[in-house]
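Taking it in order: structure first as structure tokens, then the write-up.
The values are calculated or read from the model by the stated rules, or taken from the named source; none is laboratory data. This one's a predicted model, so the numbers in the text were calculated from it and none came from an experiment. Cβ sites come from the backbone with ideal geometry, for glycine too, and all protein chains shown count toward neighbours.
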Ligand SMILES: Cc1cc2nc3c(=O)[nH]c(=O)nc-3n(C[C@H](O)[C@H](O)[C@H](O)COP(=O)(O)OP(=O)(O)OC[C@H]3O[C@@H](n4cnc5c(N)ncnc54)[C@H](O)[C@@H]3O)c2cc1C
């Protein structure tokens, strides 16, 4: 006999966690099973987002996940430094694990299957490796990134080190991009989050055509950068890495029936940043607003169509970035972007671009580095 649930969420990462929280916030009495192959939910991440990325309703139910909040952030380029006074926040895997445990264990009809890998996923049925069967009115497959991008993408790739320092660092706000560093392997920048007075998360990030991650070199680069700023590292607390596709082709497609492939695997991410939290939160709101039997209906379709309209424009931006600009010139594109209005920057990250934002992004002289020769060499018509 299969255990019966309203929702079976497969993959205990960001997307499933947000759906569980959104259902909880709606006061839903629906039964929810969450299946995660690892012993812990949420993997090894720090997820950040801009306050403007999510609705005010979602801000309230995401709040328990947030470990750090800042009132703004900085960017640095040769010839441009700017402080953007818009909220920024961070979530950690540890916090997500704890909060989702609490939510599901307090919920009648909530079940957590951990260290339990799904073997097969059907429209209404999930078989686990250990032979357990689960049935759901809705099955949501959120097992994280699938098998790649067929080469039709650039990549945001990074290694991040969380560092305990021997002295206070005096970094008051996150530095989202410090692109004054040497430009190698595409657009390169350092990303710094001040987590506490003596703790920093520093990531060495590249927007590159090449998915190879040279971990050792990146680690060394981060430690050199920290030392060059006069800071002494006491301990490396944690390390994380990412290889996020930034596609320039393809189309987002929503199936007409279950399982709903959600999160990164389902294409619910921002092609222009590789980030998924804003879209995952919006999808969670849609799921929580529908009865499980009515999920594949108008609200989901409207959301999916709106997402594809935004995503296709960002794929076009990626096409320009990765195929019209030689790697070492790409930073000019971002320098120009950060000269735009705060509202346009905010709506870009939120993936809620308006026609006026698209105009601002595309009109005027192309940023320095635009190269018809590079473009032709990469086979662009
Ligand atoms: C290091 C890193 C940092 C990132 N930072 C940000 C950020 O700051 N902001 C942002 O918006 N985005 C960020 N992203 C991008 C994106 O938001 C994350 O990848 C996000 O975790 C994707 O959510 P998801 O739920 O689709 O997949 P995941 O969070 O990866 O969750 C998938 C889960 O499914 C589980 N699973 C896989 N197979 C099975 C199976 N057969 N059975 C059961 N469980 C299974 C996995 O163990 C995993 O826990 C980051 C990505 C990485 C890698």
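Some notes on this structure:
- Selection from region 236-254 of residues that are over 20 Å from residue 322 (Cα atoms) and touching a strand residue (DSSP E or B) at 6+ places or on another chain (Cβ under 7 Å): 236, 237, 238, 239, 240, 241
- Region 43-58, residues that are assigned to a helix (DSSP H, G or I) and surrounded by 16 or more Cβ atoms within 10 Å (Cβ to Cβ): 51, 52, 53, 58
- Residue selected from region 335-359 under the condition within 20 Å of residue 306 (Cβ to Cβ) and without any contact (Cβ under 8 Å) to a residue 24 or more places away in the chain, by the criterion surrounded by the most Cβ atoms within 10 Å (Cβ to Cβ): 357
- Filter result for residue 226 (at pLDDT 95 or above and either within 17 Å of residue 42 (Cα to Cα) or in contact with a helix residue (DSSP H, G or I) (Cβ under 7 Å, 6 or more places away or on another chain) (or both)): no
- Among the residues of region 19-42, those that are within 8 Å of the ligand (Cβ to nearest atom) and either surrounded by 18 or more Cβ atoms within 10 Å (Cβ to Cβ) or at pLDDT below 95 (or both) comprise 35, 36, 41, 42.
- 2 or more residues more than 27 Å from residue 280 (Cα to Cα) and more than 14 Å from the ligand (Cβ to nearest atom): qualifying strands (runs of 3 or more DSSP E) within region 113-232: 153-165
- Taken together, 286, 279 contain a single residue that is modelled with pLDDT of 95 or more, within 16 Å of the ligand (Cβ to nearest atom) and buried (at least 24 other Cβ atoms within 10 Å of the Cβ), which is 279.
- Some residue of region 258-268 being closer than 27 Å to residue 42 by Cβ, out of contact with any helix residue (DSSP H, G or I) (no Cβ under 6 Å at 6 or more places or on another chain), at pLDDT below 95 and more than 16 Å from the ligand (Cβ to nearest atom): yes
- Criterion violated by residue 108 - all others in (1) in contact (Cβ under 8 Å) with a residue 40 or more places away in the chain; (2) assigned to a strand (DSSP E or B); (3) more than 26 Å from the chain's Cα centre (by Cα) satisfied: (2)
Residues checked against (1) away from the ligand (no atom under 13 Å from the Cβ); (2) not assigned by TED's automatic domain parsing to the domain that holds residue 283:
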position	(1), (2)
76	yes, yes
79	yes, yes
93	no, no
97	no, no
106	yes, no
109	yes, no
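- Selection from region 262-299 of residues that are over 16 Å from the mean Cα position of the chain (by Cα) and either more than 26 Å from residue 66 (Cα to Cα) or in a loop (DSSP other than H, G, I, E, B) (or both): 290, 291, 292, 293, 294, 295, 296, 297, 298, 299
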